[in-house]
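This report refers to the structure that appears directly beneath it.
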Amino acid sequence: MNRIISVLFCFLFIGEKAMALTLSSPVFQPNASIPSHYTCDGGNISPPLIWTGVPEGTRSLVLIMDDPDVPKNIRADGMWDHWVLFNIPTSVVGLSENAQDFSGAVQGKNSGGKLGYTGPCPPDRQHRYFFKLYALDTILSLPEGATKAEVQAACQGHILDQAELIGVYDRKR
């Protein structure tokens, strides 16, 4: 009987772990090329994103897209923030292509100083684009236009789980 309980416990534990937060897109696979439609060479619109496995106790989600491959002569830190979106309600399970209605979520400011999404536009070679999703146990008390650094600082100590999707893009020269 104890063995059955142990096996059942392991099954439940493994099953729970399998429900970790995941982030994907129906238009590109992990570590594959982001279609040009979602870049400065196309419509410069946000790709559709889907997430699953939001942990119990989550009060809001944060989505950040950034590029760590920017030449140092353009940005000393080598980072370009393409999208900052926070206080996404837990009832939201993804974003549609060219998302405009964020169901109460708040737009942060990207490195271009604008609210919303700015697509990949690498100036020199193929770059990596990190879509990061965070499940938080709180709702952030930040205004619209908060920067990635401000959002990340406010997230400290509140992250229940996180997921990442990486896409790549190189302009056709």
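The values are calculated or read from the model by the stated rules, or taken from the named source; none is laboratory data. Quick caveat, the model's predicted, so the values are computed rather than measured. Cβ sites come from the backbone with ideal geometry, for glycine too, and all protein chains shown count toward neighbours.
Against the test of being within 25 Å of residue 50 (Cβ to Cβ) and hydroxyl-bearing (Ser, Thr, Tyr), the options 147, 118 yield a single qualifying residue, 118. Is it the case, given these coordinates, that residue 73 is under 24 Å from residue 22 (Cα atoms) and out of contact with any His (no Cβ under 7 Å at 6 or more places or on another chain)? Judged against the criteria, residue 73 is not a match.
Of all residues in the range 82-123, exactly one satisfies the criterion of being of a type in the set (Asp, Glu) and modelled with pLDDT under 95, namely 101.
Among residues of the range 98-121 being charged (D, E, K, R) and within 24 Å of residue 59 (Cβ to Cβ), the one that is nearest to the chain's Cα centre (by Cα) is 109. Within the range 55-97, the set of residues being out of contact with any Ser or Thr (no Cβ under 6 Å at 6 or more places or on another chain), surrounded by 14 or more Cβ atoms within 10 Å (Cβ to Cβ) and not aliphatic (A, V, I, L, M) comprises 55, 60, 66, 67, 69, 83, 86, 94, 97.
Note on the range 97-145: residues that are farther than 15 Å from residue 87 by Cβ and either of a type in the set (S, T, N, Q) or free of Cβ contacts under 8 Å to residues at least 24 places away in the same chain (or both) amount to 9. Confirm whether residue 94 is touching a Lys or Arg at 6+ places or on another chain (Cβ under 6 Å) and farther than 23 Å from residue 143 by Cβ. So residue 94 does not fit the description; no. Only one of the listed residues (31, 44) is in contact (Cβ under 8 Å) with a residue 60 or more places away in the chain and closer than 19 Å to residue 108 by Cα. That residue is 44. The residue that is nearest to the chain's Cα centre (by Cα), among those in the range 130-139 that are crowded, with 20+ Cβ neighbours inside 10 Å and either hydroxyl-bearing (Ser, Thr, Tyr) or farther than 10 Å from residue 23 by Cβ (or both), is 134.
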